[in-house]
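The values are calculated or read from the model by the stated rules, or taken from the named source; none is laboratory data. Model, not experiment: these values are computed from the prediction. Note that we place each Cβ from the backbone using ideal geometry, even for glycine, and neighbour counts take in every protein chain shown.
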Amino acid sequence: MTEIYNEICDAFPKQLAENFWMLGNYYFNLYLIKGENSTAIVEMGVSGIVDSVIEQLESMDVKPDYLVVAHPHSDHITGLSGLRERFPDARVVAGEDAWEFVTHPKAIEGMVSEDRFITRMLESKGHRPGRPPLSKPPDFGDFLLVRDGDKIDLGGLTLDVMALKGHSPGNIGVRVPEIDTLIVSDSLGFHYPQRGFLPLFFTGFNDYMESLDRLLGLHPKILCLAHQGPLIGSDAENAFRNAEKASYDLLRRITENKENKNAMIETILSDPETPENTKQIIRETLDDARLRIINDGIDKISEKK
């Protein structure tokens, strides 16, 4: 897998299939789908890479018609402002509750501070952002609200929208059946190449696992994650079971630490490989969600035994 993975992530834009490319950089991946009539980008990335993404699109002579927000966490949406500025005719597409999340006072403050942190992280990795971090959250404009089962016909290629609960409000996946491709954002967790998945069931364990079960039955040839590249072929097929196992393992470790319910959270936060923006989201959301995760998950574990 290492050779395949390195080949996929060595340059951007990277063509993954006919009329389908990965944009962005190693840390933040966006996906371009070019139909006969319309073009869409799924995932918005962050403000620190948006100028690189624009350069990539201009090098391909592409102007997107749709900007699809996979979910409204800061590391998936703060690039939207720059993309809308450069492509004002493109229509934003978002799932239910995404706009409400973005405009929540707590989310606004966190989004701005997280984008500032991500800009510094990119600078430390040698990626020079082309603009300052955001000072306010992105505006969706007259956006297209999509729900589970909705389709967007690009001409020869179709975006099949899936509402995927458990990770974030407004989280959607996009299936492109004509090329056996599935774009899932963080719905399987955060993927460490060669190591596995860090589960991210921020809004409910049962919902998260039901989404995983649903995705498992689709058997995509290309599984597109939001960070550190897609998985292809057998790696894509194995990813769902690996993510499922990691989720049950994490929940068991949380529930087994009756005396210290923070034990697993502390483990995640102390892991040097856990991304800093993921740690920040965990600090802000997991404390409030922990009891729901534990109570919701015990029955689900019992069903699998």
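Just so you know, in region 154-189 the residues that are of a type in the set (A, V, I, L, M, F, W, C), surrounded by 20 or more Cβ atoms within 10 Å (Cβ to Cβ) and farther than 23 Å from N37 by Cβ include one that is farthest from the chain's Cα centre (by Cα), and it is L164. Within region 73-91, the set of residues being surrounded by 23 or more Cβ atoms within 10 Å (Cβ to Cβ), at pLDDT 95 or above and not in a helix (DSSP H, G or I) comprises T78, G79. When S124, S185 are screened for being closer than 22 Å to I49 by Cα and touching a strand residue (DSSP E or B) at 6+ places or on another chain (Cβ under 8 Å), only S185 passes.
Check region 192-200 and report whether any residue there is surrounded by 24 or more Cβ atoms within 10 Å (Cβ to Cβ), within 17 Å of the chain's Cα centre (by Cα) and not in a helix (DSSP H, G or I). Break it down stepwise before answering.
First, the residues of region 192-200 that are surrounded by 24 or more Cβ atoms within 10 Å (Cβ to Cβ): 199-200.
Imposing the further condition that a residue be within 17 Å of the chain's Cα centre (by Cα) reduces the set to 199-200.
From what's left, not in a helix (DSSP H, G or I): 199-200.
Scanning region 192-200 turns up at least one residue that is surrounded by 24 or more Cβ atoms within 10 Å (Cβ to Cβ), within 17 Å of the chain's Cα centre (by Cα) and not in a helix (DSSP H, G or I).
For region 34-50, the criterion of being buried (at least 19 other Cβ atoms within 10 Å of the Cβ) and either at pLDDT below 95 or among the acidic types (D, E) (or both) is met by at least one residue. Residue count for region 13-33 satisfying the condition of being crowded, with 21+ Cβ neighbours inside 10 Å and over 18 Å from the mean Cα position of the chain (by Cα): 0.
Restricting region 149-159 to residues that are touching a Leu at 6+ places or on another chain (Cβ under 9 Å) and in contact (Cβ under 8 Å) with a residue 12 or more places away in the chain, which is nearest to L251 (Cα to Cα)? Spell out how you get there, then give the answer.
Our first condition is that a residue be touching a Leu at 6+ places or on another chain (Cβ under 9 Å); within region 149-159, this holds for 150-153.
This time we only want the ones that are in contact (Cβ under 8 Å) with a residue 12 or more places away in the chain, so: 152-153.
Numbers: I152: 36, D153: 39 Å.
This residue is I152.
Kindly check whether there is at least one residue in region 212-233 that is small (G, A, S) and either at pLDDT below 90 or part of a helix (DSSP H, G or I) (or both). Explain how you work it out, then say what you get.
Here is the first cut: in region 212-233, the ones small (G, A, S) are 217, 226, 229, 233.
Of the ones still in play, those that are also either at pLDDT below 90 or part of a helix (DSSP H, G or I) (or both) are none.
No.
Mind checking whether some residue in region 134-143 is closer than 28 Å to D89 by Cα and within 16 Å of the chain's Cα centre (by Cα)? Reasoning before the result, please.
The initial filter retains those residues of region 134-143 that are closer than 28 Å to D89 by Cα, namely 134-143.
Filter again for within 16 Å of the chain's Cα centre (by Cα), leaving none.
No, the conditions are met nowhere in region 134-143.
Taking each residue of region 224-241 that is more than 17 Å from F190 (Cβ to Cβ) and looking for partners that are part of a loop (DSSP other than H, G, I, E, B) and not aliphatic (A, V, I, L, M) with beta-carbon atoms closer than 8 Å, six or more apart or interchain, yields I232/K221; G233/K221; E237/H219.
Residue count for region 114-157, restricted to those that are hydrophobic (A, V, I, L, M, F, W, C) and not in a loop (DSSP other than H, G, I, E, B): 8.
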